[in-house]
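For reference, the structure is listed below as structure tokens.
The values are calculated or read from the model by the stated rules, or taken from the named source; none is laboratory data. If you're wondering where the values come from, they're calculated on a predicted model, not measured in any experiment. Glycine gets a Cβ as well: all are built from the backbone with ideal geometry, and neighbour counts include every protein chain shown. Accessible surface areas use protein heavy atoms only, side chains included; no ligands, DNA or RNA. Shrake-Rupley method; radii C 1.70, N 1.55, O 1.52, S 1.80 Å.
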Amino acid sequence: MGVKMPKKSKPQRPSRDDFELEELGNQLVEAHNEKTEVTLIVFKKEEQVQGKIVKLDGQTKLIHVESGYETIKIPFLDILKVESAPQL
């Protein structure tokens, strides 16, 4: 008989209701359509992601953000907040 190790609890993504998710989706769609720079606060990422949303992939539920010379793919549910990027 093996010894059962206690499960490590990993940080849980905050739960949000349908209204909050719809609002977040609307902000992402608007930023994508207007091609505006946004800052995304992402679950489990220490640094914020800043760039332009180049693709909203409904099949994979990934948001493609062009930041500098790279495209970062972020799961929709990991996005905690969308903010307008500060204009220089």
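How long is the gain from F19 to K45 if the chain were fully straight, where each residue apart is worth 0.36 nm and the alpha carbon distance is subtracted?
That works out to 7.0 nm of additional length.
Taking a quarter of the surface of the convex hull around the Cα atoms of the chain, what do you get in nm²?
Spelled out: convex hull of the Cα atoms, projected over all directions, averaged, 8.6 nm².
Restricting to lysine pairs 8 or more places apart or on different chains, what number in the chain have Cα atoms under 13 Å apart?
9
How charged is the neighbourhood of E23? Take every other residue with its Cβ under 14 Å from the Cβ of E23, and add Lys/Arg as +1 and Asp/Glu as -1.
-4
Around V38, under 12 Å between beta carbons, what's the net of Lys plus Arg minus Asp minus Glu among the other residues?
With Lys, Arg at +1 and Asp, Glu at -1, the net is -2.
Which of the GluC sites (Glu not before Pro) across the stretch 22-58 are loop residues per DSSP, with 10 or fewer other Cβ within 10 Å?
Those satisfying the criteria are E46, E47.
Leaving out ligands, DNA and RNA, and with a 1.4 Å probe, what % of the accessible surface on the chain is carbon or sulfur?
Answer for the chain is 51 percent, counting heavy atoms of protein chains only.
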